[in-house]
Amino acid sequence: MNVTLVTTGNISTSPRLVKEADALDSAGHRVRVVAADALPEHAAADRMLMATRRWRLDRVNLRRGDLIGFWHRVLGTLRQRLALRWYDHGRRRLTPFLANRIVSRYAPLLIDRVAAETADLVIGHTLGALPVAVIAARRLGARAGFDIEDFHAGELTDDPRDAAARALVIAVERRYLPTCATVTASSPAIADAIVAAYGIPRPYVVLNTFPRAERRVTPTAPSDPPAAAAAPRPPSLYWYSQVIGAGRGLEDIIDALPQLDPSVHCYLRGSPDAVYVDGLLARASSLGVADRVVLLAPVAPGDLVPRAAEHDIGLALEQPVNRNRDLCATNKIFTYLLAGLAVAATDTTGQRWVMNAAPGAGFVYRPGDAAGLAAGLRQLLETPGALTAARAAAREAADRRFHFEAEAPGLVAYLEGAAR
């Protein structure tokens, strides 16, 4: 097949797209990725990622400081604002013309770039790429597909201030998802929610897992303090995300730390939201545990698993602040399992499913229940052999089920079947 994948972001911020491209390429298909080239802070990661890929990347220039990129940004912003006004004045009647301009200001650019070369299957990643994939596929006489990493309608609350945006997301998905020949989802709960919302056939589930080979990756930067410290080192708790910010449940672990042995430290990796982190550290200071909270810089995507393996217990602290956060099974929990960490996870629908399928790998606790989190951590840390057994169970679950080599054959077969 000739397969084109399209995203409105940089490829280094789209690990699901990269893994799908790798799987299709390994199966012998010709893969082209159309992606935005928008964020200069991700340019180095993009280049590093592409250095080991055989598939082709076709980037749309949206770079700041570049004349062409600047002009594309200005035109895109004007198009989006005009489309939103037209949509509002038209009593919120969504036409294809409006949809592809509202959900992504750069949709016309992406559509033209995708449609410039033949394809048998065009697959969108990110909501803004859904109309792009469908419209470009129609131009090419190809089939369209979409990957649902998040339950987008569920990312917005029922708050009246979110009502218009939520209605728009639902309108876009209701218009375009039924026209897709392939639809994939990142968790069973999200797949079920999509069926209930739109009545389409159940999406094929592709979990946010990682290749087992990433265990053997040599990190590109010096080791973090836990790995550099002389053995035996104190027990370490580990959490990571793109941003250290609000709504991620970090208050739970700060409140739990005073209930743990003073030797236990917590390591938080990501780009800090300065205002939020200041408040979090002030909270830790008021509880007398500020010296046990360590901030770590972001690392390249390929370093995530070996970096996690330098610690003991992974924290999957998802909070059900909206329906999507309850339903999702993030790459975080699968990173911990593959790295062989015991897992402390909030009892959300998505994470409960994962932990039930990884018996003995850790525990779940009620979101916001710091005492329950502390009790589970003490059980792992203070019971002889408990942490070692949990880490072994995590690694066994990753080897048995939760690695991308287990996902790739089914994904490729599903896409091949739809393209016939």
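Looking across the range 146-182, the residues that are outside any helix (DSSP H, G or I), at pLDDT 95 or above, under 18 Å from Ala193 (Cα atoms) and not acidic (Asp, Glu) come down to Phe146, Ile148, Cys180, Thr182. Any residue at all in the range 48-56 that is modelled with pLDDT of 90 or more, assigned to a helix (DSSP H, G or I) and surrounded by fewer than 15 Cβ atoms within 10 Å (Cβ to Cβ)? For the range 48-56, residues modelled with pLDDT of 90 or more, assigned to a helix (DSSP H, G or I) and surrounded by fewer than 15 Cβ atoms within 10 Å (Cβ to Cβ): absent.
Considering the range 250-274, and only residues there that are in a helix (DSSP H, G or I) and of a type in the set (Asp, Glu), the residue that is surrounded by the most Cβ atoms within 10 Å (Cβ to Cβ) turns out to be Asp252.
When every residue of the range 372-387 is checked against the conditions, at least one turns out to be outside any helix (DSSP H, G or I) and either touching a Cys at 6+ places or on another chain (Cβ under 7 Å) or of a type outside the set (S, T, N, Q) (or both).
If the condition is being more than 16 Å from the chain's Cα centre (by Cα) and either closer than 18 Å to Asp369 by Cβ or aromatic (Phe, Trp, Tyr) (or both), then the range 321-341 contributes only Val321. For the range 344-369, the set of residues classified as more than 18 Å from Ala393 (Cα to Cα) and crowded, with 19+ Cβ neighbours inside 10 Å consists of Thr346, Thr348, Thr349, Gly350, Tyr365, Pro367, listed by residue number. Would you call Val277 in a helix (DSSP H, G or I), within 16 Å of Glu251 (Cβ to Cβ) and among the β-branched types (Val, Ile, Thr)? Yes: the conditions hold for Val277. In the set Gly340, Gly302, only one residue is closer than 25 Å to Thr388 by Cα, among the small types (Gly, Ala, Ser) and buried (at least 21 other Cβ atoms within 10 Å of the Cβ); that residue is Gly340.
Scanning the range 136-150 for residues that are buried (at least 23 other Cβ atoms within 10 Å of the Cβ) and over 19 Å from Pro201 (Cα atoms) yields Ala136, Ala137, Ala142. Among residues of the range 19-39 that are over 22 Å from Ala137 (Cβ atoms) and part of a strand (DSSP E or B), those with a beta-carbon under 8 Å from a residue that is at pLDDT below 95 and of a type in the set (A, V, I, L, M, F, W, C) at least six positions away or on a different chain give the pairs Asp37/Ala43; Asp37/Val60; Asp37/Leu62. Would you pick out the residues in the range 337-350 that are farther than 19 Å from Asp312 by Cβ and either out of contact with any Leu (no Cβ under 7 Å at 6 or more places or on another chain) or not assigned by TED's automatic domain parsing to the domain that holds Ala394 (or both)? Asp347, Thr348, listed by residue number. Within the range 88-110, the only residue that satisfies the criterion of being buried (at least 24 other Cβ atoms within 10 Å of the Cβ) and modelled with pLDDT of 85 or more is Leu110.
The values are calculated or read from the model by the stated rules, or taken from the named source; none is laboratory data. Everything quoted here is computed from the prediction, not taken from an experiment. As a convention, Cβ positions derive from the backbone with ideal geometry for all residues, glycine included, and neighbour counts pool all protein chains shown.
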